[in-house]
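Values in this text are rule-based calculations from the coordinates and carry no lab data. What you are looking at is a predicted structure, and each value in this text was computed from that prediction instead of being measured. Counting neighbours? That spans all protein chains shown, and the Cβs are built from the backbone with ideal geometry, glycine included.
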Amino acid sequence: MRTDETMVDWKLTFLGTAASAMSLQQNPTTLLVTVGNNHVLIECAEGTTRRLIEAGIDMKAIDKVFISHGHNDHFIGIMTFLWQNVLVARREAPLEIIAPGYVLDRITTLFKLTSTPDDFINFELRFTDIDAEELFSEHELLFTPSPGTINGWKMTRRHAPLVHDPAAHAIRIDIKDEDDVHVVSFCYACDTSPTDSVARLAEGCDYLIHEATLLDEDIELATRINHSTPSGVGQVASLAGVENLVLVHYSLSLAGKEEVLKEQAKRTFAGNIIIARDMMSLPLEQ
Ligand SMILES: [Zn+2]
Ligand SMILES: [Zn+2]
């Protein structure tokens, strides 16, 4: 990470950190990447729109939405987000949704299920199908109205397959300055069992943001339902050689046991370990 981070003003906010459900303290897992005045939303769980309002984010300044897979806790907030963009934010700029093809199909179905009129979305909605793209290859994220490079930075994305059912993808985002110099990189993997594909995608990242749905003592259940436990995630982080491991998407039953999650990840990872909390932002304030 560059020490003169003020050159490119970036932030990653956890709008939600829970697995599968919600409490007053935790929304289901959703992240917001902010660079300058542009945002990329990672997942769109139920409650995301309300969290964005709480965080004071201008909805129409979100250019991209990445959705990892088709489980309820990762994308069911999308219709509320779209309706809010039309009715309140009065969006005009295009919005790109990047997701596996079957998720894009389900969003199209949601338009029908929610009786959303055909002409209701009065801005351009672009669908990018990850399945149709070469995994691990780098794609530049172009922002509206101007590419990031014009504003002194650029952002790229890469994806890798996860071990989950239904099919899920990880995303790696690299932010560079206008001279192509590295500013920060993070990889988000959720939901999945620990897998080499994430270690490969996250290689050398500043932050690996990985699910840890259950504790090590529940490894059998976690494996059966394609989720991870802290020491399995620590192994992936060690293999990838990342600086910071951020655990997210932990079960509501683990609220108050954040230190246990951390201790278990320490069994296999010697770097810095952070337990994500709702409305926390990276970089952490010193
Ligand atoms: Zn989930
Ligand atoms: Zn899932």
Sequence-distant lysines (8 or more away, or on other chains) whose Cα lies within less than 25 Å of residue 257: 266
Neighbour-count ranking [beta-carbon atoms within 10 angstrom, fewest first] of 79, 59, 155: 79, 59, 155
Eligible lysines near residue 176 by straight Cα distance, threshold 25 Å, same-chain separation 8 or greater: 11, 60, 64, 154
Descending principal axes extents, segment 5-278, alpha-carbon based, whole Å: 52, 46, 35
Ellipticity estimate at 222 nm from DSSP helix runs (n ≥ 4, -39,500 (n - 2.57)) divided over the chain, nearest 500: -6500 deg cm²/dmol
Per-residue Cβ neighbour rank within 10 angstrom, fewest leading, 137, 193: 137, 193
Mean shadow area of segment 62-141 over all directions, Cα convex hull, nm²: 5.6
The chain: DSSP helices with Cα axial extent of at least 27 Å and average Kyte-Doolittle hydropathy no lower than 1.0: none
Antiparallel DSSP beta bridges within segment 50-163, percent to nearest 5: 25
For the chain, size of Cβ-based charge dipole, Lys and Arg +1, Asp and Glu -1, in debye: 480
Whole-angstrom gap from segment 222-286 to segment 45-91, using each part's C-alpha centre: 25
Likely footprinting exposure, 32, 110, 12, fewest C-beta neighbours within 10 Å first: 110, 32, 12
DSSP beta bridge pairing in segment 147-260, given as percent antiparallel to the nearest 5: 60
Among 189, 130, 225 - extreme Cα towards positive end, dipole of segment 5-278, charges at beta-carbon: 225
